[in-house]
Amino acid sequence: MNNHGIRVCDSCGLPPRDNKKLRSCSRCKSTWYHDLECQKRHYPTHKKTCRSPVLVSKPKEPKPQSSKFVTENRTGRGNCLVASSLIEKGERIHVNTRSNESWEPLVLPVLRSDNRRTRCAYCFKSLDNSNFFRYDQVQPRQQYFLLFCSSHCRNAGRDKFLLQEEERAIGRLYNNAQHGGPPKILPTAVLVYRLIVATQFHRSKRKLIESEIDKLQHEFADTTIDTKLTNSDHHTQAVITTVVAMIQESSSNDDYNLALPAIEEMKRMVNRIKLNGFSICDGESVAMGIGLFGTPSFMNHSCKPNAVQTFVYGRQGEPPSLLVTAFENITNGEEICISYIDNLAPKQIRRHRLKQDYFFDCCCIACEDQLYNTGIIGLKCGNCDATSPKMIMETSQAPGQQILKCQECDDKDPHDGFPILETMELVSTIDNMMKFYNKLKQSYSSESWYVQNCGDQLVQMLLDLLGSQADDDQQQRSTTSRVLKLLNELNTSHEPKAAHIVWSGSFRHFIRQYKAAKLGLFLHSDPREAISELQRVRKSLSPYFTEDHELIQGIDDCMRSGIG
């Protein structure tokens, strides 16, 4: 028992999980554990007091499972993953492997530029500002540098992916450039460079990598878009220009003499990354980097997905890998789909982002559901006291505009959500964001995506302010109260109910609950309610993340701090 009368595991200090009782030591009955793993970790300490210690046997390795999916080419869908037998909710979707349930990347994924100072370039672990590693022989450049969480990751990056030479090549590129080099090194350019290095230097994996890459789509479904991109896409041109310069700089070193692929081949590489690359996200769905994962790239998009992609990262000496988990039962012959975007956004915004980033028009079941999409917008009628939001009408108006009609008074309004998003991006102060949030609530229902999205941005701004008030307890408590009030307001108005609000809606809800419980531990003297909430959140999220994921570990750390 701890000071609050809660029985906790003597190994990890956490309360019972998933309503399962703790198990006592079979000999002395004086210590309690979640499972054999916890008992095993605690044994070196416990054996000193246990009268008759029992050695904990190593748990048996789970038997490998056979794949429950096949790759099919379907009309209008291209190559896609299809269930070949029932895949149950919560089940991992992966190949037949004994080592783990995750998909390994074809080459080492690349961090986004804004994460290079804060995360390990190899395993993506969050860095300790006072303790990190780098290649000492390489002069760091402001535009591009690599940091590592351990010497293990640093050496693995050098030996397996030639990262030391990559950093040197980019340094020489800037040193030799007449005008200071490119404005920034694009992650896509680095990923293309790593693909070239992998196919030319890693002879043992060359055929496998080339085979996997060749399977990936590199042509856009709309040929007019393809032509436009080939001729004028500045991003593609910038990527290829940077890759060519990096290869030329590497070739100046006799030990790393890279052959320059044909320009058309590099264009296909860039297109493959654009169409098949995964944004590697942290526990709160914030993008950290980009990677290619072969077969999982065949999973098509749906705004009502039946599977969820999360990532395993932060393990020393291991690149980030991909977990795919069934969010609902997937029957034999059913296509396995994930969501490429925020599927809670209004249809107009979802379709725009899919067209802009993935070059196709979505016509999934959620996009065709007018009632669902009406609720996401949630525009109130300003002409009468109707309780239901204005309905979307099919219209031939200009792209980006919709006509919404009140079901009671027939009042019609043109609606375009992009100006609202642009205004949100321009707001820079908490007071102005609060004013904009309250203004949105006057025109839109509390369940509206615009209100919810603005509220989440306001929460983050307040949390950033809270982080800067470490020396003022009174201000901290005042800000904490404001954040808690806002989180409770957002959660109360947007509990996941609709059939289409599957993963995204539930996940957003649970993350808010996690933040609220974490703040509640700071604000309230009795931690039991917050700990109970954290337990519920952990139980809901744990099927989709590994036990060592930083999100799960963060929840466990919060419970320990409340119990201690």
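Summary of values
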{"quantity": "Percent carbon-and-sulfur accessible area, the stretch 247-290, ignoring ligands, DNA and RNA, probe 1.4 Å", "calculated": "44 percent"}
{"quantity": "The stretch 102-112 - phi-based ³J(HN,Hα) in whole Hz, Karplus 6.51/-1.76/1.60, Gly and Pro as x", "calculated": "10, 9, 7, x, 5, 9, 4, x, 10, 5, 5"}
{"quantity": "Inter-site label distance for residue 128 and residue 205 at 7 Å from Cα along Cβ, in nm", "calculated": "2.8 nm"}
{"quantity": "Accessible area of residue 468 in the full protein assembly, 1.4 Å probe (Å², nearest 10)", "calculated": "90 Å²"}
{"quantity": "From the C-alpha gyration tensor of the stretch 100-171, square roots of 5λ in Å", "calculated": "19, 15, 12"}
{"quantity": "Probe 1.4 Å - accessible area at residue 391, Å² to nearest ten", "calculated": "50 Å²"}
{"quantity": "Order of exposure, largest accessible area first, which applies to 524, 218 with probe 1.4 Å", "calculated": "524, 218"}
{"quantity": "Residue-count net charge about residue 256 - beta-carbon cut-off 11 Å; Lys, Arg +1, Asp, Glu -1", "calculated": "-4"}
{"quantity": "Coordinate range along principal axes, alpha carbons of the chain, Å, largest first", "calculated": "72, 70, 55"}
{"quantity": "Pairs from 412/439; 304/390; 125/347 whose Cα-Cα separation, in the structure shown, is over 32 Å", "calculated": "125/347"}
{"quantity": "Accessible-area ranking of 465, 426, 260, largest first, probe 1.4 Å", "calculated": "426, 260, 465"}
{"quantity": "Candidate aspartates and glutamates - alpha carbon under 14 Å from residue 274, same-chain residues fewer than 8 apart omitted", "calculated": "219, 226, 233, 357"}
{"quantity": "Probe 1.4 Å, protein heavy atoms only - accessible area per residue of the chain in square angstrom", "calculated": "50 Å²"}
{"quantity": "Surface share of carbon and sulfur [accessible, 1.4 angstrom probe, percent] for the stretch 522-564", "calculated": "51 percent"}
{"quantity": "Cβ-based net charge around residue 379, under 9 Å, with every Lys or Arg adding one and every Asp or Glu removing one", "calculated": "+1"}
{"quantity": "Helical segments meeting 18 Å axial Cα length and Kyte-Doolittle -1.0 threshold in the chain (DSSP H)", "calculated": "187-201, 234-251, 263-276, 430-443, 449-467, 503-523, 528-541, 550-563"}
{"quantity": "Area accessible to solvent at residue 263, 1.4 Å probe radius, in Å²", "calculated": "80 Å²"}
{"quantity": "Amide H partners (placed H, <5 Å) of residue 340, local residues excluded", "calculated": "302"}
{"quantity": "Long-range amide H partners of residue 281 with built H, under 5 Å", "calculated": "288"}
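The values are calculated or read from the model by the stated rules, or taken from the named source; none is laboratory data. The structure presented is a predicted model; accordingly, all values stated were derived computationally and were not measured. All Cβ positions, glycine included, derive from the backbone under ideal geometry; neighbour counts span all protein chains shown. Quick note on the areas: whole protein, heavy atoms, side chains included, nothing else; ligands and nucleic acids left out. Shrake-Rupley method; radii C 1.70, N 1.55, O 1.52, S 1.80 Å.
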